Amino acid sequence: MGLKEVFLKHPERRYIMFGGKGGLGKTTFSAATGFWLAKQGKKVLVFSVDPQASLTDIFQKDIFGRGPVKIIDNLWAQEIDADSHIKEYQQEIRQKILDMYGLAEVPEEIEQYIQAASAEPAMEESAIFDAVVDVVTKGEYDYYIYDLVPLGHALYYLSMAKVYDEWINKITHLREEMREYEEMVSRLKREKETEQDQMLKELLYIKERINASASILTDKTKTGFFFVVTPEEMIIRDTQKGAQLFSQFDVPIAGYVVNRVIPRGLLEEKIPPYLRNRIEMQDRHMKDISAAFGDSVLALVPELDRDVTGLAMIEKLSEIMYGK
Ligand SMILES: Nc1ncnc2c1ncn2[C@@H]1O[C@H](COP(=O)(O)OP(=O)(O)OP(=O)(O)O)[C@@H](O)[C@H]1O
Ligand SMILES: [Mg+2]
């Protein structure tokens, strides 16, 4: 079965991801796949949380932090600015504290705590994850193509529900620290009890929402996760390791796409020994790929004569991957 057949056979898979090590072609394939699906009449969003703004590069359009930007009919691209989400988070927390305890400004110690918590990787990940959840739960598109950062990170993302737990624990801790303020305020207000569980309740609600969304993204029926691999020894090995980890997280792999295969037709031409050797080497690695991934290899994508940037190259690649 080829890549196109997999898409046609599984229209229920609306969350598409290309995973793999750095620089193998994840963004390139995300763009080409989005382009093809859009041409099929599907409404598609290609999005990323990559601060490198690689969608901006490939689509040659200013996309970063601007919400969904239209590329062609049916195709939108979005690059989420995680930093600004963290700032929104901080502001939300401040506001909650102000509202809840009826303070005019956030006490210095608490402000320091908020700053420190925001520097935590867990906070950044939560902000990113929350943004992703916001994007996909709106359900405005037929397909969501999540242009992932390199593999290690993608795996981290899969354990995001855990990360979120951590963040919530921190905030609950913060809430405990707030208790003294709470008591002070309630004394002032002459109230016997404060709404001390309200914040916690709200956080638990957010957590539930996150868990629900995490399960959408790792849902076997709705998610198509493709690995990008190249005919190189190290890459093949790392991809196998990655695939193992994925099965531990119970994430199904829809298939493998081999990138940067030097066109075999060149062997018929007069080519330098250097290139001939490269092709022979790739041939050996292609055998390893077949042995490792078998029928799950869905497409071989040739090494092109230039980088894939701009719509003309994206279209060319989408025709190679999916046909006209
Ligand atoms: N088949 C190909 N032929 C020629 N150039 C390619 C091909 N596939 C990808 N490239 C180029 O290789 C570079 C890396 O590709 P891409 O950005 O898609 O990788 P990535 O996996 O998204 O990287 P990162 O892990 O950094 O996000 C880009 O310049 C892209 O244009
Ligand atoms: Mg990329």
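Tell me which residues come under 5 Å, amide H to amide H, from VAL46 once H is placed; ignore anything under 5 positions away on its chain.
It is TRP76, ALA77, GLN78, ILE145, by chain and number.
In the structure shown, do any of LYS42/LYS87; LYS61/LYS220; LYS42/LYS316; LYS87/LYS222 have a Cα-Cα gap over 25 Å, and if so which?
Distance filter (> 25 Å) returns LYS42/LYS87; LYS61/LYS220; LYS87/LYS222.
Output ³J(HN,Hα) for segment 112-117: one whole-Hz value per residue in order, computed from phi by the Karplus curve 6.51 cos²θ - 1.76 cosθ + 1.60 with θ = phi - 60°, and x for Gly and Pro.
4, 5, 4, 4, 5, 4
Which residues' amide hydrogens lie under 5 Å from the amide hydrogen of GLN60, considering only partners 5 or more residues apart or on another chain, with H built in the peptide plane?
Amide H to amide H, under 5 Å and 5 or more residues apart or across chains, GLN60 pairs with GLY310.
Counting heavy atoms of the protein chains only and a 1.4 Å probe, report the per residue accessible area for segment 1-143 as a whole number of Å².
In whole numbers, segment 1-143 has 44 Å² accessible per residue.
Between GLN248 and GLU105, what is the FRET efficiency for a Förster distance of 35 Å, r being their Cβ-Cβ separation, to the nearest 0.05? Spell out each step's value before the answer.
Values: r = 47 Å, r/R0 = 1.34.
Efficiency, rounded to the nearest 0.05: 0.15.
Within the set LYS4/LYS70; LYS21/LYS70; LYS270/LYS324; LYS70/LYS241, which residue pairs have Cα atoms separated by over 26 Å?
LYS21/LYS70; LYS270/LYS324; LYS70/LYS241
Could you work out what % of the accessible surface of segment 21-65 is carbon and sulfur, using a 1.4 angstrom probe and leaving DNA, RNA and ligands out of the count?
Working: 680 of 1620 Å².
Carbon and sulfur: 42 percent of the exposed surface of segment 21-65.
Need one value: the accessible area of ASP295 in square angstrom, 1.4 angstrom probe, rounded to the nearest 10.
Solvent-accessible area, nearest 10 Å²: 140 Å².
Just subtract the alpha-carbon distance of ALA119 and GLN91 from 0.36 nm times their residue separation and send over the number in nm, one decimal.
Working: separation 28, 0.36 × 28 = 10.08 nm, distance 1.45 nm.
Taking ALA119 through GLN91 to full extension adds about 8.6 nm, to one decimal.
Given a Förster radius of 35 Å and the C-beta distance between GLN52 and LYS4 as r, what FRET efficiency does 1/(1 + (r/R0)^6) yield to the nearest 0.05?
On the way: r = 29 Å, r/R0 = 0.84.
So the FRET efficiency works out to roughly 0.75.
The values are calculated or read from the model by the stated rules, or taken from the named source; none is laboratory data. Please read these numbers as outputs of a predicted model, since none were measured by experiment. Because the Cβ atoms are built from the backbone with ideal geometry, glycine has one as well, and the counts that use them run over all protein chains shown. The accessibility values were calculated without ligands, DNA or RNA, using every heavy atom of the protein model including side chains. Shrake-Rupley method; radii C 1.70, N 1.55, O 1.52, S 1.80 Å.
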